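What follows is a short report on a single structure.
The values are calculated or read from the model by the stated rules, or taken from the named source; none is laboratory data. From a predicted model like this one, the values you see are computed outputs, not experimental measurements. Cβ coordinates were reconstructed from backbone atoms using ideal geometry, including for glycine residues, and neighbour counts include every protein chain displayed.
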Amino acid sequence: MIRFHTLQYYQLVSMEEEAEELIKSLSITPDANIWGALLGARKIFGNVELRCRAAENLFNLNPQHAGYYTVLSNMYAEAWKWEEANRVKELMKLRGAMKKPGCSWVHIQDQVHAFVAGERLERSDPTLWLA
């Protein structure tokens, strides 16, 4: 069992290095799609340093994109690196990148009601809570 997992790990590391080399060898300048794919592969590949390099390139391309900060912060949190995760969140605030709030819709008796995260209900219809 251990040998199988070790083999899988080495295969993933090998593929990761190949991916980085491919990006470096491109005749075009890598864009956010390319770096985003590498950053998003964090579940597959365990190389935190490579994910950080991908994130730095994404921050240079689009410093206002909150998703890049969120993925990097979550990656650190999953690795129990809380200080780094918080540092990324602070950098996100400093650069003014803001996540879009979550939104839910509920259809009740021919009416659609929208709820946005962080929004206060000024007039709440008591019948909504009974549905």
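Listed values, structure above:
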read-out: Contacts under 7 angstrom Cβ, first residue in region 70-82 being assigned by TED's automatic domain parsing to the domain that holds Glu49, partner of a type outside the set (Gly, Ala, Ser) and outside any helix (DSSP H, G or I), 6 or more apart; value: Thr70/Lys99
read-out: Every residue from region 94-121 that is without any contact (Cβ under 8 Å) to a residue 24 or more places away in the chain and surrounded by 12 or more Cβ atoms within 10 Å (Cβ to Cβ); value: Ile108, His113, Phe115
read-out: Helices (runs of 4 or more DSSP H) completely within region 24-121 that count 1 or more residues being modelled with pLDDT under 90; value: 32-40, 48-61, 66-78
